Amino acid sequence: MGKTTGFMEYERIEEGYAPVAERLKHYKEFVIGLTTDQAKVQAARCMDCGTPFCNNGCPVNNIIPDFNDLVYQGDWKNAITTLHSTNNFPEFTGRICPAPCEAACVANINGDAIGIKSIEHSIIDRAWSEGWVKPLLPKHKTGKKVAVVGAGPAGMAAAQQLVRAGHDVTLFEKNDRVGGLLRYGIPDFKLDKGLIDRRVEQMVAEGLKIRTGVLIAGKDGLGKDSKVTNWAKETISPEQLNAEFDAVLLTGGSEQSRDLPVPGRDLEGVHFAMEFLPQQNKVNAGDKLKGQIRADGKHVIVIGGGDTGSDCVGTSNRHGAKSVTQFEVMPMPPEQENKPLVWPYWPIKLRTSSSHDEGVVREFAISTKEFGGEKGKVKSLTTVQVEFKDGKLSEVPGTEKVWPADLVLLAMGFVNPVATVLEAFGVDKDARGNAKASTDFIGGYATSVPKVFAAGDIRRGQSLVVWAIREGRQAARAVDEFLMGASELPR
């Protein structure tokens, strides 16, 4: 695997970033990938570790030691073949995956993990530039028709796999472009949307049919209380799909944002992150919006310390916010995890993103009590420090503080998929409001409704892009097996 002694001879090489002052002027990607020589040195660090925990740390089970060795040997073409054998879209995961594989790397036990994500990034970018990524046409047609509902990473992966198995697949998306949260959640500076368009062209060339602006739902649509982004121009009922297709796979996201029901929540200027972020992505794509939510010259407070909150920080700074503050209700985690205790699992530790480096005040163990306003607009919010006491989160007396706030963005995660969609199909839900479907080897991803399957966040809840790709691939095999009695697709 790479060079046998490479992990002792070479240091980990990190990808670079364009300077903050430069990248804040635009919404383009600013990561500086590894050079060919740097990628080879990084791959040389991959150990002959016997049991590569990275394979299981990766949700799609990438064959990491193999493609590392191929990069070290200079065999980039076989490296992308190996990478594509488990991952339909390494250009997405090579940019935005948090890399649980690196947390599981054996070299990470008492040193620095191999830069697996940066190597994956290098492989796929090299493959596209060399013209090695081509449409893969099915060897035969089955005559079966499949509808995939939801064109995020789970739906895209499932649709591509099913097309390659020979089925006639139509991918339905309620919004005006394909990609789901890849398109309208993740900022362009983290993921260039041209990468999605490039994959869509490949999938269409393979035989996939795509219908955007189409909502699959009952007569009430998404419901009056839904805060979910929806630019659909047409609604199709589940009954129509069931009549036209031999199988239906639901791959929508977990889109209902977690709310903060405190006094003043209805003031103008308090928004969900998923009201704020999609608008900027649409503007970047050339669309014209009236009343775009902007942070220019405002005191911005982002409530939620995860990736979505970080994206709000980066976008607000590009707008020209006067100040940006990010709240996290949990205590500040340690800067370095206790590796002997947590390895090879995903550790809890302080994570500082590129957006944080661009300017933000981060506050931990803090909770919002209420929003204050003038003339119907938010102008402040009141917080209190919190601590864990007797197994519960308790307020610390005497720690109340008032913060100036002209724009508040709620980025506290997502609670469940759009309930009205699942109800329209009559699918049983689990206790969290997700589609109830197991991942058993036999009959996996099947819902309570005949010939209706579910995968991705709509089934497992809010998760990572790499988990969505895994579920889409596995569900595609389950659907193929349901239609044909057996499947040659990888599970």
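The values are calculated or read from the model by the stated rules, or taken from the named source; none is laboratory data. Predicted model only: the values in this text are computed from it and were never measured. A quick note on method: Cβ atoms are made from the backbone with ideal geometry, for glycine too, and the neighbour counts reach across all protein chains shown. Protein only, heavy atoms only, side chains kept; ligands, DNA and RNA dropped before computing areas. Shrake-Rupley method; radii C 1.70, N 1.55, O 1.52, S 1.80 Å.
Overview of results
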| read-out | value |
| --- | --- |
| Qualifying helices (runs of 4 or more DSSP H) (wholly inside region 157-253; at least 3 residues being of a type in the set (Gly, Ala, Ser) and in contact (Cβ under 8 Å) with a residue 12 or more places away in the chain) | none |
| Lone qualifier among Glu22, Glu29, Glu11 - being surrounded by fewer than 21 Cβ atoms within 10 Å (Cβ to Cβ), touching a Leu at 6+ places or on another chain (Cβ under 9 Å) and not in a strand (DSSP E or B) | Glu29 |
| Total residues in region 371-393, condition among the basic types (Lys, Arg) and either closer than 23 Å to His271 by Cα or part of a loop (DSSP other than H, G, I, E, B) (or both) | 3 |
| Residue identified as touching a helix residue (DSSP H, G or I) at 6+ places or on another chain (Cβ under 7 Å) and either at pLDDT below 95 or at positive phi (or both) among Ala127, Ala165, Ala154, Ala99 | Ala99 |
| Gly221, sole failed condition from (1) open to solvent by less than 40 Å² (accessible area, probe 1.4 Å); (2) modelled with pLDDT of 95 or more; (3) not β-branched (Val, Ile, Thr) | (2) |
| Subset tally (residues that are farther than 20 Å from Val283 by Cα and open to solvent by less than 10 Å² (accessible area, probe 1.4 Å)) for region 162-198 | 7 |
| Selection count where residues are touching a strand residue (DSSP E or B) at 6+ places or on another chain (Cβ under 7 Å) and within 30 Å of Glu15 (Cα to Cα), scope region 357-382 | 6 |
| Test: residue in region 447-458 that is outside the structural domain of Cys97 (by the TED database), without any contact (Cβ under 8 Å) to a residue 60 or more places away in the chain, open to solvent by less than 50 Å² (accessible area, probe 1.4 Å) and not in a loop (DSSP other than H, G, I, E, B) | no |
| Residue in region 34-57 that is closer than 30 Å to Gly359 by Cβ, assigned to a loop (DSSP other than H, G, I, E, B) and not assigned by the TED database to the domain that holds Glu201 present | yes |
| Index of the failed condition, Ile469 passing every other in (1) over 16 Å from Gly166 (Cα atoms); (2) part of a helix (DSSP H, G or I); (3) in contact with a Lys or Arg (Cβ under 8 Å, 6 or more places away or on another chain) | (3) |
| Candidates Lys429, Lys389, filtered to the one that is open to solvent by 70 Å² or more (accessible area, probe 1.4 Å), more than 17 Å from the chain's Cα centre (by Cα), outside the structural domain of Pro278 (by the TED database) and not hydroxyl-bearing (Ser, Thr, Tyr) | Lys429 |
| Set Ile119, Ile124: member being β-branched (Val, Ile, Thr), in contact (Cβ under 8 Å) with a residue 60 or more places away in the chain, open to solvent by less than 70 Å² (accessible area, probe 1.4 Å) and over 30 Å from Thr229 (Cα atoms) | Ile119 |
| Some residue of region 289-297 being over 15 Å from Ala411 (Cβ atoms) and either of a type in the set (A, V, I, L, M) or buried (at least 20 other Cβ atoms within 10 Å of the Cβ) (or both) | yes |
| Residue satisfying condition, being within 27 Å of Ala455 (Cα to Cα) and open to solvent by 10 Å² or more (accessible area, probe 1.4 Å), within set Ser226, Ser254, Ser310 | Ser226 |
| Verdict on Glu91 being of a type in the set (Asp, Glu), under 22 Å from the mean Cα position of the chain (by Cα) and under 16 Å from Leu195 (Cβ atoms) | yes |
| Candidates Gly94, Gly143 - the one that is of a type in the set (Gly, Ala, Ser) and open to solvent by less than 40 Å² (accessible area, probe 1.4 Å) | Gly94 |
| Matching entry among Gly304, Gly314 (being touching a residue at least 24 places away in the same chain (Cβ under 8 Å), within 21 Å of the chain's Cα centre (by Cα) and within 25 Å of Val386 (Cβ to Cβ)) | Gly304 |
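Conditions tested, residue by residue: (1) buried (at least 19 other Cβ atoms within 10 Å of the Cβ); (2) modelled with pLDDT of 95 or more; (3) of a type outside the set (Val, Ile, Thr); (4) within 24 Å of Met332 (Cα to Cα).
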residue	(1), (2), (3), (4)
Val384	no, yes, no, yes
Thr399	no, yes, no, yes
Val408	yes, yes, no, yes
Ala411	yes, yes, yes, yes
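Residue-wise test of (1) open to solvent by less than 40 Å² (accessible area, probe 1.4 Å); (2) over 29 Å from Leu24 (Cα atoms); (3) part of a helix (DSSP H, G or I); (4) not hydroxyl-bearing (Ser, Thr, Tyr).
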{"position": "Thr325", "(1), (2), (3), (4)": "yes, no, no, no"}
{"position": "Pro331", "(1), (2), (3), (4)": "no, yes, no, yes"}
{"position": "Glu335", "(1), (2), (3), (4)": "no, no, no, yes"}
{"position": "Leu341", "(1), (2), (3), (4)": "no, yes, yes, yes"}
{"position": "Arg362", "(1), (2), (3), (4)": "no, no, no, yes"}
